[in-house]
Amino acid sequence: MSYSTKLSLTINGQPRDLDVDNRTTLLDALREHLHLTGTKKGCDHGQCGACTVLIDGRRVNACLTLAVMHEGDAVTTIEGLGEPGNLHPMQSAFVKHDGFQCGYCTPGQICSSIAVLDEIRANIPSHVTSDLTAEATVTDEEIRERMSGNICRCGAYSNIIDAIAEVAGTRA
């Protein structure tokens, strides 16, 4: 027996209606139903971060959440951030600093990077924040901690940190 649900989401600024099985992950809804294949399926267990998308501005592993849980939510994937000739500043910084090797993890890394800077601007502390009463600042240590859920098997971490720091305005 299959249970289907109709739901409405805003995907990359566009209203979208879907009819999905209740067990469909957001990742599978994006990739299989909407053909937005920029969001990658890595481990399918929430351990690698390749499927990171932004839901109402917060980063989420799309493989760990069901599509039906996001009725009415605004989902931003890598496809919604920029396009050739008009890249998001984080995308441009990743290109400039060679923040990718094979590129498989890059969409999730970029979505997570954008959320990391938003978290710091919102003064949300991380596990390495030493003074919880001080304003949060962008440091390499903060970036590393906050990006720890996104794995790059090629090892482009130092370049990714440089890209994020540039967008944050702490490095050129």
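Table for the structure above
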quantity: Selected residue (only one of Ile120, Ile143, Ile124, Ile151 is farther than 24 Å from Leu87 by Cβ and not assigned by TED's automatic domain parsing to the domain that holds Ala62); calculated: Ile124
quantity: Verdict on Ile110 being β-branched (Val, Ile, Thr) and over 13 Å from Ala163 (Cα atoms); calculated: no
quantity: Subset of the range 114-128 [of a type in the set (Gly, Ala, Ser) and either under 9 Å from Arg59 (Cβ atoms) or out of contact with any helix residue (DSSP H, G or I) (no Cβ under 6 Å at 6 or more places or on another chain) (or both)]; calculated: Ala115, Ala122
quantity: Qualifying positions in the range 1-40 - surrounded by fewer than 16 Cβ atoms within 10 Å (Cβ to Cβ) and within 30 Å of Arg153 (Cα to Cα); calculated: Arg23, Glu32, His33, His35, Thr37
quantity: Residue match in the range 92-109 (condition: hydrophobic (A, V, I, L, M, F, W, C), surrounded by fewer than 19 Cβ atoms within 10 Å (Cβ to Cβ) and closer than 26 Å to Arg31 by Cβ); calculated: yes
quantity: Given (1) closer than 30 Å to Arg144 by Cβ; (2) surrounded by fewer than 22 Cβ atoms within 10 Å (Cβ to Cβ); (3) of a type in the set (Gly, Ala, Ser), index of the condition Gly85 fails; calculated: (1)
quantity: Of residues in the range 145-172 being touching a helix residue (DSSP H, G or I) at 6+ places or on another chain (Cβ under 7 Å), charged (D, E, K, R) and not in a loop (DSSP other than H, G, I, E, B), the one surrounded by the most Cβ atoms within 10 Å (Cβ to Cβ); calculated: Arg146
quantity: Selection count, the range 33-61, where residues are more than 9 Å from the chain's Cα centre (by Cα) and either hydroxyl-bearing (Ser, Thr, Tyr) or closer than 20 Å to Phe94 by Cβ (or both); calculated: 7
quantity: Evaluation of Val95 against (1) without any contact (Cβ under 8 Å) to a residue 40 or more places away in the chain; (2) not assigned by TED's automatic domain parsing to the domain that holds Arg153 (one fails), failing number; calculated: (2)
quantity: Test: Gln109 is without any contact (Cβ under 8 Å) to a residue 60 or more places away in the chain and either in contact with a Gly (Cβ under 8 Å, 6 or more places away or on another chain) or in a helix (DSSP H, G or I) (or both); calculated: no
quantity: Number of the condition not met by Gly82 [criteria: (1) over 23 Å from Ala122 (Cβ atoms); (2) at pLDDT below 95; (3) under 18 Å from the mean Cα position of the chain (by Cα)]; calculated: (1)
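The values are calculated or read from the model by the stated rules, or taken from the named source; none is laboratory data. In this text, all values refer to a predicted model and were calculated from it rather than measured experimentally. Here the Cβ is made from the backbone with ideal geometry for all residues, glycine too, and neighbour counts use every protein chain on show.
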